[in-house]
Structure formats: structure tokens, C-alpha cells
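The block underneath contains the structure these notes are about, expressed in C-alpha cells.
Please treat every number below as a calculation from the coordinates, not as lab data. What you see is a predicted model; the values in this text were computed from it and never measured. Glycine gets a Cβ as well: all are built from the backbone with ideal geometry, and neighbour counts include every protein chain shown.
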Amino acid sequence: GAGVSQSPSNKVTEKGKDVELRCDPISGHTALYWYRQSLGQGLEFLIYFQGNSAPDKSGLPSDRFSAERTGGSVSTLTIQRTQQEDSAVYLCASSFSWTGVSSGYTFGSGTRLTVV
Amino acid sequence: GQQLNQSPQSMFIQEGEDVSMNCTSSSIFNTWLWYKQDPGEGPVLLIALYKAGELTSNGRLTAQFGITRKDSFLNISASIPSDVGIYFCAGQRVDSSYKLIFGSGTRLLVRP
């Protein structure tokens, strides 16, 4: 697609439920990133995928968080047993592998997750 | 996680005024980036800086990569209403080719 597409744009869930957030990167971009933006805060790195390499999961805040990327394209971020502190905007970004961060990569519009 | 120290947190300015914001870090960075985020959207890259001392302009925006590689500033000249939004600095540390560290943002509000 023309840009990074994320769905849903908004999600309200009850505490304890599982949620899945989807990211469809720009066609041809082999690098994919997930960041979390809490209210009034900057962006916090969660996970990075690059081609067939093992993902860098060092930013995932707990084992309730997991992510996968199928076929080198679409990625799903799953949060199990959601807690109120998980409420945030989850942003996905993608880039060509050879430019990485130097291109500033392209962000989607995010999924606003609210846990009630 | 680690964040950059970005200031000011917010500012009201009169249309036509110049704006300045900056970021500092205890770590050395290879790259400094400045983003703008509009409500309900993801951040959009404004300026990228790759060398210590580099001064780069993009229209009314000017940014500099600090000589110590631990700081950067962004200036906006002759502000207009569409400059409203949140501005983030972001840095790439020397030990990572892909991970960005973000500041907490500067919220810019313009009085028409």
C-alpha cells in the first residue's frame, strides 16, 4: 500500500481480555517496528523485525506482549490479559532494510488502545 | 526505557514568532531526527541530521546536530497556525542501527 496501515484505529477492551493489533507495512519494506506511546510521553520501542532474522524483542514490557510477522509482511501485536497500564497508542513503522533508522522510517496512524 | 530530555514541554506562541526547542542526552548519538505529530496521526519526519555540527534547513525549519553529539535543537521561524502539533526529537545510539530513542515531545500551540 501507499502507507503503513494499522487496524483497528481504536480499541476499547475490558481488563483481562486479549487484544490483537495489526500492521500492514509499505510494500517492499523489509524492516518493521512497533512502538508504544503513552499519554504525554514519547515513543517507546517494543519490537523490531528484519526479514527472516530473529526479531529484537528487547522492548516488550512483559511476557503478556508478543508479536509475529507472517510472510515478511503483515505483523500482529498481541497483548494477553490486558491491564489498565497497557492503555496507549501503539504505532507501527516500516522501512527499507538498507536505510534503517537513517530514513526516519514511516509510521502508521496507530491503534489507540483503552483498557477499562 | 531511556528517553531524551526534551524542552520545553509545551509553548504558546503568537503567530509569526520564532520557536526553539531542544533535546539533550547522556548518550552519544549517530543520528538525530525531528518529527511532527498531528492529532490521530503517526509522527512524520521533518529533518534528519547525520554529522556532529550539521545544520540543516527544511523551509522554515532549521535543526542542528550538536558538536558533542549529545544534543540537538529545532527552530521554526515565522510560525503559522498549521505548525500546531507535537514535535519529537529522536536519536539513534551508536550501538543500534535501527532503534530510535524518543524525547517526550514539545506541544506547540499558536495564537492566531
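Overall, the ratio between the Cα radius of gyration of chain B and 2.2 N^0.38 Å, rounded to two decimals, is 1.01. The mean count of C-beta atoms from other chains within 10 Å of the C-beta of residues in A:106-112, rounded to a whole number, is 3. What FRET efficiency comes out for the pair A:S103/A:L39, r = Cβ-Cβ distance, R0 = 30 Å, nearest 0.05? Computed FRET efficiency for A:S103 and A:L39: 0.60.
For the stretch A:33-116, the C-alpha radius of gyration sits at 1.09 times the compact-globule guess of 2.2 N^0.38 Å, with N the residue count.
State the answer as a single residue: which of B:L49, A:N52, B:T31 lies farthest towards the positive end of the charge dipole of the protein assembly as shown, with beta carbon charges of +1 for Lys and Arg and -1 for Asp and Glu, about the Cα centre. Looking along the dipole axis, the top candidate is A:N52. Per residue, the average separation of C-alpha pairs within less than 8 Å and at least 6 apart gives chain A a relative contact order of 37 percent.
Other residues within the sphere of radius under 14 Å centred on the Cβ of B:D95, judged by their own Cβ, net out at +2 (K and R +1, D and E -1).
For q = 0.24, 0.30 Å⁻¹, what log10 I(q)/I(0) does the stretch B:47-88 give under the Debye formula with an equal point scatterer on each alpha carbon and no solvent? Log10 of I(q)/I(0), two decimals: -0.82, -1.07. Out of A:T82, A:T106, A:T13, any idea which swings most in a Gaussian network model of chain A, alpha carbons joined below 10 Å? The residue that fluctuates most here is A:T13. If R0 is 22 Å, the Cβ-Cβ spacing of A:T76 and B:D95 corresponds to a FRET efficiency of close to 0.15.
You can think of it this way: the chain between A:D63 and A:E85 has 6.5 nm of extra reach, that is 0.36 nm per residue less the Cα-Cα gap. Here the ratio of the Cα radius of gyration of the protein assembly as shown to 2.2 N^0.38 Å is 1.01.
Counted by neighbouring Cβ atoms within 10 Å, the residues A:T114, B:T31, A:T30 run from fewest to most as A:T114, A:T30, B:T31. Using the Cβ-Cβ distance between B:D18 and A:D18 with R0 set to 45 Å, the FRET efficiency works out to roughly 0.40. The order of A:Y48, A:Y35, going from fewest to most other C-beta atoms within 10 Å of their C-beta, is A:Y48, A:Y35.
Summary value for the stretch B:15-112: 33 percent relative contact order, contacts being C-alpha pairs under 8 angstrom separated by 6+ residues.
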